[in-house]
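Right, one structure below, let's go through it.
The values are calculated or read from the model by the stated rules, or taken from the named source; none is laboratory data. Treat the numbers as computed from the prediction; the structure is a model and nothing was measured. Heads up, the Cβs are rebuilt from the backbone with ideal geometry, glycines too, and the neighbour counts pull from every protein chain shown. For the accessible areas, the whole protein counts, side chains as well, though only heavy atoms, and no ligand, DNA or RNA atoms are used. Shrake-Rupley method; radii C 1.70, N 1.55, O 1.52, S 1.80 Å.
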Amino acid sequence: MYTIRISEEIKALWPQYRGAAVYAAVENTPYSEGLWTEIGEFTTHLNATETTDSIKHHPVIMATREAYRACGKDPSRYRPSAEALRRRLLRGLDLYRIDTLVDLINLVSLRTGYSIGGFDADKIVGTDLCLGIGQEEEPFEGIGRGTLNIAHMPVIRDAAGGIGTPTSDHERTKMDLGTRHILAIINGYSGNEGLQEAAQMTAELLQKYASASQCTVWMF
């Protein structure tokens, strides 16, 4: 199993950070009708209750934005993924349909406000991961984004380098239809409250829509 460590630099700049992780054996599919029904229901609810201005005041999203500032990153230029997903829906744009695992992680992120890293566990190098802060000119190829400037941004690294930030995950460890094991990391910049529930929601959706087995949930 994976060990996920919080670096001293993160502890100093954002001591309230807490994380949760979900690991499972899964079966990915191109599309899940039931999952997209749930996404549609959330979209209707979001449009009835939020605006593009109000979402940044969501406690979990707001804490992630403040953590970015503490690390030296502008959260309005490099938006955390949960905020970006909500803003997209509120602008009347549909979510991209990628595959069931990616779409599922997006739904949990939308519902909870957490920016979640979803990784193909078999592509991770080693079993020791660390949450640190990106360095100047540190190489990072964001999924569908090309080179991403992760300087002063929280970043999870494996033995080969960065694999995930709250803004984007890395192409090297991205999930696809061949993914057989998932590691999801839920970034709790707002602390413990709601984190266990988000992890449990992830595990339940994986079991419901991705035939998850060997499912393990832990906090760090």
### Query
How many of the residues in segment 192-220 are open to solvent by less than 10 Å² (accessible area, probe 1.4 Å) and either more than 14 Å from LEU101 (Cβ to Cβ) or free of Cβ contacts under 8 Å to residues at least 60 places away in the same chain (or both)?
3
### Summary
Contact list, first residue from segment 22-35 and in contact (Cβ under 8 Å) with a residue 12 or more places away in the chain and part of a loop (DSSP other than H, G, I, E, B), second anywhere and of a type in the set (Asp, Glu) and surrounded by fewer than 19 Cβ atoms within 10 Å (Cβ to Cβ), beta-carbon distance below 7 Å, six or more apart or interchain, is ASN28/ASP99; THR29/ASP99; PRO30/ASP99
### Query
Within segment 165-178, can you find the residues that are in contact with a Leu (Cβ under 9 Å, 6 or more places away or on another chain) and surrounded by 22 or more Cβ atoms within 10 Å (Cβ to Cβ)?
THR165, THR167, SER168, HIS170, THR173, MET175
### Task
Test GLY113 against the criterion of being open to solvent by less than 10 Å² (accessible area, probe 1.4 Å), on the phi < 0 side of the Ramachandran plot and not acidic (Asp, Glu), and give yes or no.
no
### Task
Considering every residue within segment 179-190, establish whether at least one is β-branched (Val, Ile, Thr), out of contact with any helix residue (DSSP H, G or I) (no Cβ under 8 Å at 6 or more places or on another chain), assigned to a strand (DSSP E or B) and open to solvent by less than 50 Å² (accessible area, probe 1.4 Å).
yes
### Task
Look at segment 130-147 and say how many of its residues are closer than 19 Å to ALA82 by Cα and touching a residue at least 40 places away in the same chain (Cβ under 8 Å).
1
### Query
Do we have any residue at all in segment 134-151 that's farther than 18 Å from THR179 by Cβ, touching a Pro at 6+ places or on another chain (Cβ under 7 Å) and buried (at least 23 other Cβ atoms within 10 Å of the Cβ)?
no
### Query
Scanning segment 74-103 for residues that are of a type in the set (Gly, Ala, Ser) and surrounded by 14 or more Cβ atoms within 10 Å (Cβ to Cβ), which turns out farthest from the chain's Cα centre (by Cα)?
ALA84
### Message
Any residue at all in segment 24-40 that's within 23 Å of TYR189 (Cα to Cα), open to solvent by less than 30 Å² (accessible area, probe 1.4 Å) and among the hydrophobic types (A, V, I, L, M, F, W, C)?
### Response
no
### Query
Within segment 155-190, how many residues turn out to be over 12 Å from the mean Cα position of the chain (by Cα) and without any contact (Cβ under 8 Å) to a residue 40 or more places away in the chain?
7
